[in-house]
Amino acid sequence: MAAKILITFYSTYGHTFKLAQAVQRGAETAGAEVRLRRVAELPQAAEAMKNDENYQAAQQSMSHLEEVTHDDLRWADGIAWGTPTRYGNMAAQVKQFIDTTSPLWSKGELEDKASGVFVSTATQHGGQESTILSFHIPLLHLGMILVGSPYGQNPTLFNVENIHGGSPYGPSTIAGGDGSLQPKEGDLEMSIKLGTRLAKVSERLASLRG
């Protein structure tokens with residue numbers, strides 16, 4: 001049976017959304033059934049950003065996507081999580097959603113499911129690795145099995161000729177302080193490969209769970 005992959009993300013200006021779409025392409029290439037879902041915006045954030053035209057345009061571009069629910073988490077064999085970085089950690093929107101999953105945690109409903117993380121930061125050293133690593137902590141509490149982006153499958157990690165995202169912990173991209181940068185080809189390629197790897201691992205784990 002093909003794996004069922006949930007890709008859920010929060011994106012302020014659309015950079016994480018673009019990575020999510022690339023993860024989706026990779027998972028679908030591997031034959032997975034995919035749900036792409038966005039994490040709900042917080043009212044305080046929406047109010048603070050109401051006069052930011054770039055934010056408003058990005059939110060409108062994602063408005064057709066359904067918001068992620070606990071049922072989506074239950075449905076999935078594997079989950080990819082996307083978030084922009086906030087001071088080296090996940091965005092509050094994503095943390096707020098994860099903090100609602102105690103009903104699933106208490107019943108072990110996410111245990112032995114594969115999970116990967118992808119992120120966006122403003123700067124090269126703005127927390128790409130720390131955000132993914134700290135994101136792993138609640139995933140381990142939920143009993144999920146972590147899937148990263150190994151060097152052997154991602155030669156872009158060896159590139160030291162220019163600034164780009166990515167680490168063995170997962171795909172990432174650099175948005176720039178004003179959000180003007182866009183994901184590079186290597187960033188998107190790593191995201192595609194994460195989707196493919198997540199689908200393959202999820203399919204095998206699902207068969208073991210019976």
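The 3J(HN,Hα) values that the Karplus relation (6.51, -1.76, 1.60; θ = phi - 60°) gives for segment 146-156 are, in residue order, 7, 10, x, 10, x, 4, x, 9, 9, x, 4 Hz. Gly and Pro appear as x. With both residues required to sit in segment 4-209, DSSP beta bridges show an antiparallel share near 10%.
Comparing mean-square fluctuations of Val117, Val160, Val23 from a GNM of the chain with C-alpha springs under 10 Å, the top value falls on Val160. By the rule of a C-alpha distance below 29 Å, with chain neighbours fewer than 8 residues away ignored, the lysines paired with Lys193 are Lys4, Lys18, Lys95, Lys113, Lys184.
Let me have the 222 nm mean residue ellipticity of the chain computed from DSSP H runs of 4+ only, each contributing -39500 (n - 2.57), with the sum over all residues rounded to the nearest 500.
Values: 8 runs with 89 residues, N = 210.
So the helix-based figure for the chain works out to -13000 deg cm²/dmol.
Sites listed here are chymotrypsin sites (Phe, Trp or Tyr not before Pro) in segment 32-141 whose DSSP assignment is loop and whose Cβ has at most 14 other Cβ atoms within 10 Å: Tyr87. Only Cα sites of the chain enter the Debye sum here, all with the same form factor; the resulting log10 I(q)/I(0) across q = 0.13, 0.15, 0.18, 0.19 1/Å is -0.65, -0.88, -1.28, -1.43, listed in q order.
In order along segment 3-16, the phi-based Karplus estimate (6.51 cos²θ - 1.76 cosθ + 1.60, θ = phi - 60°) of 3J(HN,Hα) comes to 5, 9, 10, 9, 10, 10, 7, 10, 9, 7, 10, x, 5, 5 Hz; Gly and Pro are listed as x. Summarising the label geometry, the points placed 7 Å from Cα in the beta-carbon direction at Arg209 and Asn159 lie 3.5 nm from one another.
Every number here is computed from the coordinates shown, using simple stated rules; none is lab data. Since the model is a prediction, treat every value here as computed from it, not as a measurement. We place every Cβ from the backbone using ideal geometry, glycine too, and count neighbours over all the protein chains shown.
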